[in-house]
Amino acid sequence: MPVPACRLCRGVRTVFLVGIAVVGILGGPPWTGVAPAAEGRTPDGADFYVAPNGNDQWSGTRPEPNAQQSDGPFASLERARDAVRRLRAKQAWQRPLVVMLRGGTYPRVKPLVLRPEDSGTEASPVVYTAQPGEKPVLSGGRVLREWQHEGSLWKVELPEVKAGSWYFRQLFVDGKRRPRTRFPKEGVFTVAGLPAKESGSWMGNLPDDKSEWGKRAIRFKPGDLRKDWPGFATLWDYNLYFREAAEPVEFMKYSFDQWKAKGLDQHSVIADPRFVDPANRNFALRPDSPALGLGFKPIDLSRVGPRAP
């Protein structure tokens with residue numbers, strides 16, 4: 001919930017903030033009547049500076065590093081936030097406390113957490129603002145390197161994505177968002193019709209089946225699907241089937257053996273998946289689960305669902 005004392009600001013192209021308080025970035029000082037260099041302020045009205053070439057071990061009171069490289073702006077928003085907290089703890093202020101961000105890109109690997117105490121008061125709000133005439137960019141993106149060119153394609157291997165510990169949803173190249181691979185590349189496919197009701201085909205009406213199987217399958221137009229796509233036999237495989245009631249598993253009224261005789265589920269099994277504790281809704285796989293032998297990968301359930309920041 002936004003705190004009223006916060007100043008919602010402009011001037012930053014990408015902002016990555018999470019917390020109870022919402023503090024934005026201004027394109028220039030929104031306040032008036034503040035004497036320059038008063039009460040420890042810098043001449044341009046800032047209490048602290050943050051810059052891409054800063055250092056969190058410095059005082060943060062200089063807009064740029066000094067010649068000796070011994071003092072200058074902070075490097076991170078977290079350091080500036082903590083400095084403002086300490087400043088407020090010393091006394092009650094009757095003017096805004098201002099953090100100025102120099103131009104440049106600030107990579108973010110985690111959210112900036114702002115809490116109620118970071119909002120200030122009506123008489124002394126906390127303001128994060130861009131240095132006049134400059135454009136700071138807070139970016140939650142990550143630069144991908146080591147691309148390889150193969151024919152008309154570019155590829156890069158990301159070990160974290162492969163291991164399931166990291167996932168991204170958008171890719172930008174030269175500042176432009178690139179869509180994920182899709183088929184077809186443009187437009188959509190439309191349904192050409194329904195399959196024939198052939199009792200001799202598993203895609204048609206099954207023997208003695210009164211239902212309308214045609215409503216469960218469609219036909220594509222000639223040429224829509226690639227000719228090198230494999231047949232349906234490879235689309236139905238490496239599955240684990242299980243019925244808790246121990247009743248026989250049926251495949252459209254076929255037995256498992258009859259189903260496999262049609263070329264389907266050649267490597268699949270019917271077996272207890274051996275969940276850790278299904279009675280208490282713990283469906284993680286035990287080390288001896290037959291699903292692991294089929295290629296199923298355990299999911300870290302601690303990373304599933306909403307989590308506190």
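Computed from the coordinates by the stated procedures, all read-outs in this text should not be read as laboratory data. Owing to the predicted nature of the structure, the values given are computational and were not obtained by experimental measurement. Here Cβ is always computed from backbone atoms with ideal geometry, including for glycine, and neighbour counts include all displayed protein chains.
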Discussion item. Per-residue counts of other Cβ atoms within 10 Å, averaged by peptide: what ranking do you get for 181-192, 272-283, 288-299, highest first?
Written reply: 288-299, 272-283, 181-192
Fill in: Label point distance in nm, SER165-ASP44, each placed 7 Å from Cα along Cα→Cβ
4.0
Worksheet item: Roughly what would the spin-label model give for VAL113 and TYR238, points 7 Å off Cα along C-beta, in nm?
Response: 3.9
Worksheet item: By the gyration tensor of its Cα atoms, with a ≥ b ≥ c the square roots of the eigenvalues, what is the shape of the stretch 63-115: rounded for a/c under 1.5, prolate for a/b over b/c, or oblate?
Response: oblate
Item to complete: State, to one decimal in nm, how far the label point of LYS135 lies from the label point of ARG303, with both points 7 Å from Cα in the Cβ direction.
Response: 3.4
Worksheet entry | Calculated FRET value between ASP224 and ASP288, using beta carbons and R₀ = 30 Å, to 0.05 | 0.10
Worksheet item: To the nearest Å, what is the center-to-center distance of the stretch 229-299 and the stretch 121-163, using C-alpha atoms only?
Response: 41
Discussion item. Starting from a Cα-only point model with no solvent, please compute log10 I(q)/I(0) by Debye for the stretch 230-297 at q = 0.17, 0.18, 0.19 1/Å.
Written reply: -0.68, -0.75, -0.81
Worksheet, complete the sentence: Most packed first (mean Cβ within 10 Å per residue), the peptides 152-165, 104-117 order as 104-117, 152-165
Response to the item:
So for R0 = 41 Å, FRET eff. of THR181-VAL276 from the Cβ-Cβ r, to 0.05, ends up at 0.70
